[in-house]
Amino acid sequence: MRTALVAVPWVLAAAVAWGGGTTPEAPQPTPARNAIVFIGDGVDDHQLTIARNYLFGASGGFSFDAFPYRAAARVLTVLESDPGIPEYVGDSASGGTAIAAGVVTSRGRIATRAGDGRPVPTLLELASEAGKWTGIVTTSSITDATPASFVAHINRRYCQGPRDMRPTATDSRCLQALKANGGPGSIAEQIAASDVDLLLGGGYRHFDQPDESGVSVLSQARDAGYRVVRDAAGLSAAAGQPGKLLGLFGDDTLPVEWVGERDGRATSVAFEADGSVIDPASFGCVDNPEFGTRPTLEEMTAFALERLEQAPDGFVMMVESASIDKQAHQGRPCGQIGETRALDEAVRVATAFQARHTDTLVVVASDHGHAAQIIPWPSLFASRPDAQYPPGKVARVRTLEGGVMAVSYGTNATYQEEHTGTQVPVFARGPGAAGVHGLIQQADLFGIVQRALGLD
Ligand code: MG
Ligand code: ZN
């Protein structure tokens, strides 16, 4: 379901069903048979609160707000030039690598160590070696940094397909990964050669390219046993069919489900000639017609679970809602909110699965914080003649419960909004989830999942 403004009855039902607080959970058997790791890209408490206010009201909650275990995770990143020195803001590559492979690395690195570039095994690789099935589901290109961190090893996240391997004027790092130079090839080539049983997301254009020897990555994937599907009908037709599956439902990042009414987004604050502030026009969120008939994150997650449920020795799956980050970069609160809703819907599917398979660990994590903040509008100091308004951009979003929420994007005046360096929330339920409490490090999540599954 992806209806925006007309979703009020559903929203109220969900809010009532939540009821507040966490639900107790009986001790679970260990080791866990399955693990499902969600990553909300760019999720921090502020991004969650913005979406929660809109979707469920200020007193409502996401499905994962009711999970019995919750922690704050430090986002640690180090300098590539000196891995002994911390950097205080991460990206999806360093955050994804911390969660997937348990190491603190530098920004832009995919499951490789800062400095020397040594590859680090990922949860999906360890699970596969132990005979488990593995899956990746995302709303980005499956070659993008978050999913790549679970399946590929490369020193630069932008080496997504063969065409990205050519050196640019300022950066030749992809060259080291060329097969001609003894490397594993681009991220798409590494995916085509991987053991991952199921990958669903975007990124067709990174596969529809010839590699160094002139062979397209798509044919490499097919030769390696992947059935390739490109739409919802193809996905349905693949249900019940054995073998590896590669679903590419868009050329790159998938379109988001929601946009602002009249393309509403954050704008610079403007003033009248007398200096008084002009309130930016408020807007609600509506369906994005560009989303089309492709499967939603919820539908991809449900499909993946149905398939992975058949694994004789269990599975490990990563599910990413990617565009919380990507829409925050663009100052588009409705894109962020719709994508956070997609995350919540997918987590609901996993929670229902976990209720039937209590030997499943479910973790909802984040890779780094982002730019958007809820601010008072008008200013708390509006009565003062020297009242200040935020120097960046502001959107005023009309919520479903009848309020107007002002969201400030204040990290960049000209190009994209920036990531921020806050700690990020983690939620967990199922066997091994008790490790998710207090203040942890992102990289601890690797060990929590690994130990829960008995993979060490
Ligand atoms: Mg991502
Ligand atoms: Zn980002």
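Total residues in the stretch 61-107 satisfying the condition of being open to solvent by less than 60 Å² (accessible area, probe 1.4 Å), more than 16 Å from ligand 2 (Cβ to nearest atom) and closer than 24 Å to GLY430 by Cβ: the figure is 14. Residue count for the stretch 154-184, restricted to those that are within 18 Å of VAL120 (Cβ to Cβ) and assigned to a loop (DSSP other than H, G, I, E, B): 6. For the stretch 421-430, the criterion of being part of a loop (DSSP other than H, G, I, E, B), farther than 30 Å from ARG33 by Cβ and out of contact with any helix residue (DSSP H, G or I) (no Cβ under 8 Å at 6 or more places or on another chain) is met by at least one residue.
Taking the stretch 223-289 as the region of interest, the strands (runs of 3 or more DSSP E) fully inside it that hold 1 or more residues being open to solvent by 50 Å² or more (accessible area, probe 1.4 Å) and touching a residue at least 12 places away in the same chain (Cβ under 8 Å) are 226-229, 285-287.
Residue-wise test of (1) buried (at least 18 other Cβ atoms within 10 Å of the Cβ); (2) under 20 Å from MET318 (Cα atoms); (3) within 16 Å of ligand 1 (Cβ to nearest atom).
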| residue | (1), (2), (3) |
| --- | --- |
| VAL120 | yes, yes, no |
| PHE150 | yes, yes, yes |
| ALA177 | yes, no, no |
| ALA180 | no, no, no |
| GLY183 | yes, no, no |
| GLU189 | yes, yes, no |
| ALA193 | no, yes, no |
| ASP211 | yes, no, no |
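The residue of the stretch 122-133 that is nearest to VAL424 (Cα to Cα), among those that are among the hydrophobic types (A, V, I, L, M, F, W, C) and open to solvent by less than 10 Å² (accessible area, probe 1.4 Å), is LEU123.
Only residues that are closer than 19 Å to GLY202 by Cβ, open to solvent by 10 Å² or more (accessible area, probe 1.4 Å) and of a type in the set (Gly, Ala, Ser) were counted across the stretch 322-353, and they come to 0. In the set (1) surrounded by fewer than 16 Cβ atoms within 10 Å (Cβ to Cβ); (2) in contact with a strand residue (DSSP E or B) (Cβ under 8 Å, 6 or more places away or on another chain); (3) of a type in the set (Asp, Glu), GLU306 fails one condition alone, (2). Across the stretch 76-92, the number of residues qualifying as in contact (Cβ under 8 Å) with a residue 24 or more places away in the chain, closer than 17 Å to LEU439 by Cβ and more than 16 Å from ligand 1 (Cβ to nearest atom) comes to 2. The number of residues in the stretch 356-385 that are within 16 Å of ligand 1 (Cβ to nearest atom) and farther than 20 Å from ASP344 by Cα comes to 1.
Could you check, for the stretch 309-321, whether at least one of its residues is within 16 Å of ligand 2 (Cβ to nearest atom), touching a residue at least 24 places away in the same chain (Cβ under 8 Å) and not basic (Lys, Arg)? Yes: one or more hits. In the stretch 307-326, what residues are within 16 Å of ligand 1 (Cβ to nearest atom) and within 15 Å of SER128 (Cα to Cα)? Listed by number, the residues that qualify are MET317, MET318.
The values are calculated or read from the model by the stated rules, or taken from the named source; none is laboratory data. Just so it is clear, the model here is predicted, and its values are computed rather than measured. Reconstructed Cβ throughout: ideal geometry from the backbone, glycine too, with neighbour counts over all protein chains shown. These area figures cover heavy atoms from the full protein model, side chains too; ligands, DNA and RNA do not enter into them. Shrake-Rupley method; radii C 1.70, N 1.55, O 1.52, S 1.80 Å.
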